[in-house]
């Protein structure tokens, strides 16, 4: 690490001005580099926990996403999964084929339209999806323990605000289908 980088990082704990605070037009001249970098590093470590487990099975992040959303929404159709993940059918096909062939996911004809394929996890798939969710939930729990009570609600509002406005209601309905929060750490 060079001295300039170390010097810049020495003030990492200091508060920085919010570039969108008074005048959002100033963002072009003063990007939120600290937030960009913190999000990068937080995401790197957040997915890294799961990546290590997935790598041991020769799976990757795309497999994780499929397992996660099929676990959360059993009976999800392939079309619905494509919409959630915002990927092409070709991108999904390889990953889904591997999960089907390895016995983590099952595809059944749709109840109303037999041409549709509804996805569910097998016992093996549920076990892996839960292991991944627990790994990532532990990281959230550790982080939330360092913050004041109510931080989880602020984090949820911040993350929702990061989503394009026209997508927020759909994402919120997907994330919290019962309208409730998502876990035991709700107060933190």
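The values are calculated or read from the model by the stated rules, or taken from the named source; none is laboratory data. Computed from a prediction, not measured in an experiment: that's the story for all the values here. Every residue, glycine among them, receives a Cβ derived from its backbone with ideal geometry; neighbour counts consider all protein chains shown.
Taken over segment 108-137, the residue count meeting the criterion of being part of a helix (DSSP H, G or I) and in contact (Cβ under 8 Å) with a residue 24 or more places away in the chain is 11. Restricting the first residue to segment 152-172 and requiring it to be under 23 Å from residue 141 (Cα atoms), which pairs with a second residue that is modelled with pLDDT of 95 or more and outside any helix (DSSP H, G or I) meet a Cβ separation below 6 Å and a spacing of at least six or different chains? Going by the 6 Å Cβ cut-off, the qualifying pairs are 171/163.
For residue 38, state whether it is out of contact with any helix residue (DSSP H, G or I) (no Cβ under 9 Å at 6 or more places or on another chain) and surrounded by 11 or more Cβ atoms within 10 Å (Cβ to Cβ). Considered against the rule, which asks whether it is out of contact with any helix residue (DSSP H, G or I) (no Cβ under 9 Å at 6 or more places or on another chain) and surrounded by 11 or more Cβ atoms within 10 Å (Cβ to Cβ), residue 38 comes out as yes. Does residue 128 meet the test of being buried (at least 16 other Cβ atoms within 10 Å of the Cβ), modelled with pLDDT of 95 or more and touching a strand residue (DSSP E or B) at 6+ places or on another chain (Cβ under 6 Å)? The answer is no for residue 128.
What are the residues in segment 86-107 that are at pLDDT below 95 and either under 19 Å from residue 72 (Cα atoms) or assigned to a loop (DSSP other than H, G, I, E, B) (or both), if any? Result: 86, 87, 88. The one condition from (1) under 26 Å from residue 170 (Cα atoms); (2) assigned to a helix (DSSP H, G or I); (3) at pLDDT 95 or above that residue 51 does not meet is (1). Taking (1) buried (at least 17 other Cβ atoms within 10 Å of the Cβ); (2) free of Cβ contacts under 8 Å to residues at least 40 places away in the same chain in turn, residue 58 satisfies each apart from (1).
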